[in-house]
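Undergrad: Would you mind keeping the following structure in view while I ask a few things?
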Ligand code: UDX
């Protein structure tokens with residue numbers, strides 16, 4: 001990047017308190033800190049990041065008003081709506097105190113996750129400029145608008161018979177790929193989507209995406225939007241920050257990876273939110289066992305409905321796979337995906353996991369669970385053509401075939417080659433003269449001008 005700015009002016013970041021949102025926000029903070037800005041992270045008590053991982057930032061936790069029942073309900077949409085309703089006053093009070101205590105360290109901008117839309121109202125009230133960070137794909141954003149439109153025209157919910165039909169004007173998405181969610185009511189979905197989609201007085205939108213992945217979606221969004229859009233991703237490569245994991249990373253899997261042959265391991269993780277049932281777990285286990293490939297499998301505590309971590313695996317499975325399998329509760333995923341032994345990623349297709357895999361040239365098996373994951377799975381298998389989607393209920397035979405196709409069989413060779421090509425294209429975007437590189441410089445210029 002260009003030389004550092006001399007500014008010691010303060011930027012306030014407000015992340016959405018889920019792993020897939022905290023990571024890109026703190027990576028953005030790391031980049032902006034390297035440009036000379038001082039970074040203050042204001043965050044909820046719920047899922048609060050660990051300040052000791054980022055001694056270069058100042059952290060301010062604020063009361064979020066969530067009840068124990070709300071948190072244990074796991075209803076993410078209800079939680080996000082509650083946070084938007086509850087945090088406004090405490091955020092404003094915290095900012096006012098910060099400004100009074102250190103008037104010399106002026107807050108020049110608030111950067112907030114688009115889902116934490118209450119932050120914009122606070123910024124406006126305090127007369128501080130704001131910028132939005134969007135942490136999922138542009139294509140998902142457009143597809144979400146399509147969901148709202150289709151619903152308003154009474155085309156949603158769609159009957160099962162339409163599930164494989166293409167969505168008009170949204171090639172190659174089918175109705176089943178639309179980023180709907182069965183996690184809450186449509187009313188709440190729509191409230192969140194509309195509010196997060198509304199730019200209001202934001203000065204710009206920062207998007208954690210890369211031009212070479214989403215050219216046509218970016219062109220569309222640029223036409224619709226009145227403010228500059230900075231597609232500056234993939235943020236985890238732009239600013240390889242310290243870990244911001246909410247769960248402890250089990251680094252012992254790296255020693256296990258060291259013992260495996262080049263590109264032989266399939267890495268399996270369904271992210272920080274998705275969960276599966278006992279039956280699906282059994283199919284996954286035997287599919288992996290029967291594939292004969294080494295695997296590194298993240299089974300997140302609480303991710304298997306109704307089971308404790310130590311009672312999750314089917315009988316006889318551990319004995320059957322022996323040293324060929326490594327199972328952890330949480331992995332240092334970015335490090336895992338850069339490891340030479342990893343040749344494939346079986347993922348739920350959250351946007352961070354997708355970007356992390358594509359930028360290392362690792363082809364994917366896709367089992368999306370909800371929302372944007374379905375859009376990304378379709379793009380991975382049909383647009384970028386660097387993976388296979390498991391379309392039906394998880395079944396061991398299909399899993400075994402998918403793993404072998406992705407990792408070893410001749411018919412997977414095209415995917416492996418395209419994944420490598422895409423990695424190189426992403427690298428070009430990040431280098432001097434590339435799109436992400438230029439947008440990062442423009443972003444710094446814009447912030448300096450606020
Ligand atoms: C959630 C939603 O499910 C997703 O659809 C949306 O795009 C973002 O928020 P999440 O499950 O958190 O996604 O997935 P993802 O976006 O992939 O983010 C997970 C993050 O956790 C990644 O940065 C990944 O590197 C990290 N991770 C995951 C680990 O560090 N270790 C693990 O074991 C698993």
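Undergrad: Only one of (1) under 22 Å from residue 203 (Cα atoms); (2) assigned to a loop (DSSP other than H, G, I, E, B) fails for residue 122. Which number is that?
TA: Residue 122 satisfies all of (1) under 22 Å from residue 203 (Cα atoms); (2) assigned to a loop (DSSP other than H, G, I, E, B) except (2).
Undergrad: Here's something else I'd like to know. Collect the residues in segment 323-347 that are buried (at least 23 other Cβ atoms within 10 Å of the Cβ) and in a loop (DSSP other than H, G, I, E, B), keeping them in residue-number order.
TA: 331
Undergrad: Follow-up. When you look at residue 226, is it loosely packed, with under 15 Cβ neighbours inside 10 Å, touching a residue at least 24 places away in the same chain (Cβ under 8 Å) and either in a loop (DSSP other than H, G, I, E, B) or touching a strand residue (DSSP E or B) at 6+ places or on another chain (Cβ under 9 Å) (or both), yes or no?
TA: Details: loosely packed, with under 15 Cβ neighbours inside 10 Å: yes; touching a residue at least 24 places away in the same chain (Cβ under 8 Å): yes; either in a loop (DSSP other than H, G, I, E, B) or touching a strand residue (DSSP E or B) at 6+ places or on another chain (Cβ under 9 Å) (or both): yes.
Here the answer is yes, as residue 226 does meet what is asked.
Undergrad: Same structure, new question: Residues that are without any contact (Cβ under 8 Å) to a residue 24 or more places away in the chain and more than 22 Å from residue 141 (Cα to Cα): does segment 1-10 have at least one?
TA: Of all residues in segment 1-10, those without any contact (Cβ under 8 Å) to a residue 24 or more places away in the chain come to 3.
Right, trim to more than 22 Å from residue 141 (Cα to Cα) and you get 3.
Within segment 1-10 (the criterion being without any contact (Cβ under 8 Å) to a residue 24 or more places away in the chain and more than 22 Å from residue 141 (Cα to Cα)), the answer is yes, since at least one residue qualifies.
Undergrad: Tell me yes or no: at least one residue of segment 282-290 is within 13 Å of the ligand (Cβ to nearest atom) and either at pLDDT 95 or above or in a loop (DSSP other than H, G, I, E, B) (or both).
TA: If we filter segment 282-290 for residues that are within 13 Å of the ligand (Cβ to nearest atom), which is where we start, we get none.
Among the residues of segment 282-290, not one is within 13 Å of the ligand (Cβ to nearest atom) and either at pLDDT 95 or above or in a loop (DSSP other than H, G, I, E, B) (or both), which makes the answer no.
Undergrad: Out of 313, 296, report the one residue that is within 16 Å of the ligand (Cβ to nearest atom) and surrounded by 17 or more Cβ atoms within 10 Å (Cβ to Cβ). Before the answer, list the steps.
TA: Values: 313 fails: within 16 Å of the ligand (Cβ to nearest atom).
Of 313, 296, the one residue that is within 16 Å of the ligand (Cβ to nearest atom) and surrounded by 17 or more Cβ atoms within 10 Å (Cβ to Cβ) is 296.
Undergrad: Could you please find all residues in segment 125-144 being in a loop (DSSP other than H, G, I, E, B) and either in contact with a helix residue (DSSP H, G or I) (Cβ under 9 Å, 6 or more places away or on another chain) or buried (at least 24 other Cβ atoms within 10 Å of the Cβ) (or both)? Step through it out loud before you land on a result.
TA: At the first step, the residues of segment 125-144 found to be in a loop (DSSP other than H, G, I, E, B) are 126-129, 135-137.
Residues satisfying the conditions are 126, 128, 129, 135, 136, 137.
Undergrad: Okay, moving on. With the condition kept exactly as written, say whether any residue in segment 371-387 is part of a loop (DSSP other than H, G, I, E, B), touching a residue at least 24 places away in the same chain (Cβ under 8 Å), surrounded by 23 or more Cβ atoms within 10 Å (Cβ to Cβ) and on the phi > 0 side of the Ramachandran plot. Step through it out loud before you land on a result.
TA: Applying the first criterion (part of a loop (DSSP other than H, G, I, E, B)) to segment 371-387 yields 371, 384-386.
Pick out the ones that are also touching a residue at least 24 places away in the same chain (Cβ under 8 Å) and you get 371, 384-386.
Narrowing the set further to residues that are surrounded by 23 or more Cβ atoms within 10 Å (Cβ to Cβ) leaves 371, 386.
This time we only want the ones that are on the phi > 0 side of the Ramachandran plot, so: 371.
Yes - at least one qualifying residue is present in segment 371-387.
Undergrad: Got a number for residues in segment 416-442 being crowded, with 21+ Cβ neighbours inside 10 Å and more than 15 Å from residue 237 (Cα to Cα)?
TA: Residues that pass the stated criteria total 1.
Undergrad: So which residues in segment 366-378 are more than 18 Å from residue 412 (Cβ to Cβ) and touching a helix residue (DSSP H, G or I) at 6+ places or on another chain (Cβ under 7 Å)? Give the derivation first.
TA: Our first condition is that a residue be more than 18 Å from residue 412 (Cβ to Cβ); within segment 366-378, this holds for 368-376, 378.
Once the filter is applied, which keeps residues that are more than 18 Å from residue 412 (Cβ to Cβ) and touching a helix residue (DSSP H, G or I) at 6+ places or on another chain (Cβ under 7 Å), segment 366-378 yields 368, 372, 374, 375, 376, 378.
The values are calculated or read from the model by the stated rules, or taken from the named source; none is laboratory data. Quick caveat, the model's predicted, so the values are computed rather than measured. Using ideal geometry, Cβ is built from the backbone for each residue, glycine included, and neighbour counts are taken over all protein chains shown.
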